[in-house]
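The values are calculated or read from the model by the stated rules, or taken from the named source; none is laboratory data. If you're wondering where the values come from, they're calculated on a predicted model, not measured in any experiment. Reconstructed Cβ throughout: ideal geometry from the backbone, glycine too, with neighbour counts over all protein chains shown.
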Amino acid sequence: MKCGGMSLALLSVPQMARHRQVTMAKPVLDPNSLTPFVDPLPILKVARPTEFRPTPGDAKQKAPYYRMAIRQVESKIHRDMKPTLQWAVDSSVPGATLETQSGQGMFVEWANELPKSHFLPIDHSLHGAEAEKPDVRTVIHMHGARVPAAADGYPEDWYVPGKSATYFYPNMQDAAMLWYHDHTLGINRLNVYAGLLGLCIVRDSFESGLSLPSGKYEIPLVLYDRFFDQDSQLYYPVSSVPGKPWIPELFGNAILANGKLLPYLEVDPRKYRFRVLNGANGRFFHLSMSSGQTFQQIGTDQGLLAAPVTLKICSVAPGERGDLIVDFSDHAGEQIVLKNDMLLPVMQFRVVKGKVNDDCTVPSTLRPVPKIAESEAVKTRPLMLGEISDLHGDSVTMLLNNAHWSMPITENPTLDSVEIWELINVTDDAHPIHLHMVKFQILDRRRFDAFAYQNENSLLRYRGNPVPPEPSEAGWKDTVRADPGMITRIIVKFEGYVGRYVWHCHILEHEDNEMMRPYDVVAKS
Ligand SMILES: [Cu+2]
C-alpha cells in the first residue's frame, strides 16, 4: 500500500486498518498537486561547538561542547506551501549534523526550549504518556553510539521545557553515520514526526585514507514521510477510537529529502557519496534511479562493508542507513529521478553537461568485517515478536517476548560476552529491531511455522533453509529487519559499558506502544 495521490477526507488506509480504523480528520495535501523539483535539496548544516571543556576522566584533554537548542520553528517544505510549524534541533529540520572523529569525545547539551503545548495528538492511554505527565518533554538518543548508559537518552529520562541534559559521547567506535532523535516514552513517534532528528557522522583515518568522494561530493540524505493539511501544517492521523488516537503505523503521502518535498540537486557528471538515513516513523524505502543505472552500496548502519555491493535498489528500513556511491559520469545533461516503491519520486538529480575530472575510486575491498563465530556465543535467547489485541479488537499491542515495558528485566548480557538473539516474528509485519549501545552481525533468517510456535508450546518447526543476510546487510549493523514468519538471528558482542539500555522495534508507533524493552549489560563476576 502506498499513499500517493490521496487528498480526500475520511480516507481509510488499508495497511493501518488492520486493528483500528484510521481516519483523516481533515483533508490532506496531495503532493501531486505541487510542481515537483523547484526547491534545491538543502545541504544539512554542520553544528559548531561553542567552547571546549575538560574530558571526563582526563582533565588534560579538551573536548568540544555543542549546545543544541530544541525549539519550535516555521520553515518552508516546498516553494508553493506556506511555512510549516516544526520542532527543530539547532534551528533546522533535520537538525544540524554533528561531525566528529573516532576517539574524539564530545559534549552535547540538548536544551529543551520548546513551547508548553504539543501540536500532535498524544494518546494518554499509552504507558508513559499518562495525562498527568507534561505534554511537552524530550530526551535525545544517539542511535548507533557506543555510549555510557547515563548518556544514552533512556526513554524515562525526559525533561520539560526550560531544562537540558548534557551528555558526553566518547565516540570510541569506527567511522559510521549515526543519528540522533527523540526517545521519550509514549510520545517518541510524535516528537520525531514534529522534527526531532538529525545526523552524527563519525570519521576515522582508515576511512579517510580511502579516496571516496568527500567534501561537496559527500551528501547526507535524510528521508522520511509526512502528511500535511491544506494549510501546509504537519498532520498526524488518528484512530477512530475516542480518546485513544494511537495508530499502529503511519505511511505519509509526502516523502521529504533533507526536509524538503520533491527537491532537486544539481550534480557534476562524476561519483558522489550519498549517506542515506531512513528517518521515517514506519515507511521502508526501496530506492532506485529513473535512469535504471546501478550504484554501489559501500556501507551500512555501523560503517563500511567488507566490499562494495552493486545494486539497482537500495533497501533501508526505519532506523537503517545505506552508504551509496552513485556515478553520474555517463549521464551528463540528464535529469534523473530518485524513486521509491510504485515509482513515487523522492528527488531529482540534474546532471551538469560536459566532463569533469574525478579521481575518486571505490576500492574492491573496503574494510575487514571479521565474522563473529557462533561458537563464541555463551547464550542464545529466543525472543518472540508478537502482538495482542484488546477485548474489543479495536486495538493491538506489539510486544517483545510477551513482556511490557514495566516488567522485570529479562535480557541481561554480561559485558564483553557474545550472545545470539533469535528474533521470532509471529506477526504479519516486518519489524526493524534496534539494540542500543552495540553493533552486531546478522547470521541468517529462516522461515518457520508461526502458528505451531504460538499454539503448540513454542514448537519450532522450520519451513525453509537458513537464508544468509543480503550482501548489503553483511556488515556491522545496529538495526535489523525481522521479517514476518521468519526467525532472524543476530550475533552480538556486548562491548562497551555496563548499565541499562533498551532494545526495540524502530517502527515508532510500535515502540511507543510497548514494543520496547529495557536490557541490562552486567559486569563480569
Ligand atoms: Cu514493530
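Before moving on, here are some points about what is shown:
- Boolean, LEU114 is outside any strand (DSSP E or B), in contact with a strand residue (DSSP E or B) (Cβ under 9 Å, 6 or more places away or on another chain) and within 22 Å of GLY198 (Cα to Cα): yes
- Single residue of region 341-353 satisfying the filter (modelled with pLDDT of 95 or more and assigned to a loop (DSSP other than H, G, I, E, B)) that is farthest from the ligand (Cβ to nearest atom): LYS353
- The residues in region 399-422 that are in a strand (DSSP E or B) and more than 16 Å from the ligand (Cβ to nearest atom) can be counted, and the count is 5.
- Only one of the numbered conditions (1) crowded, with 19+ Cβ neighbours inside 10 Å; (2) outside the structural domain of TRP246 (by TED's automatic domain parsing); (3) among the polar types (S, T, N, Q) is not met by SER364, and that is (1).
- Condition met for ASP135 (touching a His at 6+ places or on another chain (Cβ under 8 Å) and more than 22 Å from ARG48 (Cβ to Cβ)): yes
- Residue in region 182-194 that is of a type in the set (Phe, Trp, Tyr), modelled with pLDDT of 95 or more and not assigned by TED's automatic domain parsing to the domain that holds PRO318 present: yes
- If you filter region 377-418 down to residues that are over 22 Å from the mean Cα position of the chain (by Cα) and among the small types (Gly, Ala, Ser), you find that the one that is modelled with the lowest pLDDT is GLY393.
- Among the residues making up region 24-45, a single one is surrounded by 16 or more Cβ atoms within 10 Å (Cβ to Cβ) and either without any contact (Cβ under 8 Å) to a residue 24 or more places away in the chain or in a strand (DSSP E or B) (or both): VAL28.
- Qualifying residue in region 92-108 (condition: at pLDDT 95 or above and touching a Pro at 6+ places or on another chain (Cβ under 6 Å)): yes
Residue by residue, here is whether (1) over 21 Å from the mean Cα position of the chain (by Cα); (2) surrounded by fewer than 23 Cβ atoms within 10 Å (Cβ to Cβ) holds:
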position: VAL241; (1), (2): yes, yes
position: PRO269; (1), (2): yes, yes
position: TYR272; (1), (2): yes, yes
position: ARG275; (1), (2): no, yes
position: GLY282; (1), (2): no, no
position: HIS286; (1), (2): no, yes
position: GLY292; (1), (2): yes, yes
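- Counting only strands (runs of 3 or more DSSP E) that sit wholly inside region 46-103, those with at least 3 residues that are free of Cβ contacts under 8 Å to residues at least 60 places away in the same chain and in the same structural domain as LEU196 (by TED's automatic domain parsing) are 51-55, 58-75.
- Breaking point among (1) closer than 14 Å to VAL492 by Cα; (2) in a strand (DSSP E or B); (3) touching a residue at least 60 places away in the same chain (Cβ under 8 Å), for LYS371: (2)
- Among residues of region 497-524 that are under 11 Å from LEU435 (Cβ atoms), those with a Cβ under 7 angstrom from a residue that is within 14 Å of the ligand (Cβ to nearest atom) and part of a helix (DSSP H, G or I), sequence gap 6+ or separate chain, pair up as HIS504/GLU511.
Each row is one residue, and each column tells you yes or no for (1) in contact (Cβ under 8 Å) with a residue 12 or more places away in the chain; (2) assigned to a strand (DSSP E or B); (3) touching a Ser or Thr at 6+ places or on another chain (Cβ under 6 Å); (4) closer than 16 Å to LEU221 by Cα.
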{"site": "SER232", "(1), (2), (3), (4)": "yes, no, yes, no"}
{"site": "VAL241", "(1), (2), (3), (4)": "yes, no, no, no"}
{"site": "PRO245", "(1), (2), (3), (4)": "yes, no, yes, no"}
{"site": "GLY252", "(1), (2), (3), (4)": "yes, no, no, no"}
{"site": "LEU256", "(1), (2), (3), (4)": "yes, yes, no, yes"}
{"site": "VAL276", "(1), (2), (3), (4)": "yes, yes, no, yes"}
{"site": "GLY282", "(1), (2), (3), (4)": "yes, no, no, no"}
{"site": "HIS286", "(1), (2), (3), (4)": "yes, yes, yes, yes"}
{"site": "GLN293", "(1), (2), (3), (4)": "yes, no, no, no"}
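- Comparison of VAL356, VAL396, VAL369 shows that the only residue that is touching a Ser or Thr at 6+ places or on another chain (Cβ under 9 Å), outside the structural domain of TRP246 (by TED's automatic domain parsing) and more than 16 Å from the ligand (Cβ to nearest atom) is VAL356.
- Number of residues in region 419-442 that are closer than 29 Å to GLY243 by Cβ and either of a type in the set (Asp, Glu) or over 23 Å from the mean Cα position of the chain (by Cα) (or both): the value is 2.
- Strands (runs of 3 or more DSSP E) completely within region 423-525 that count 3 or more residues being more than 12 Å from the ligand (Cβ to nearest atom): 440-447, 486-493, 499-505, 516-521
- Unmet requirement for ILE388, which otherwise passes all of (1) within 16 Å of the ligand (Cβ to nearest atom); (2) under 23 Å from VAL521 (Cα atoms); (3) without any contact (Cβ under 8 Å) to a residue 40 or more places away in the chain: (2)
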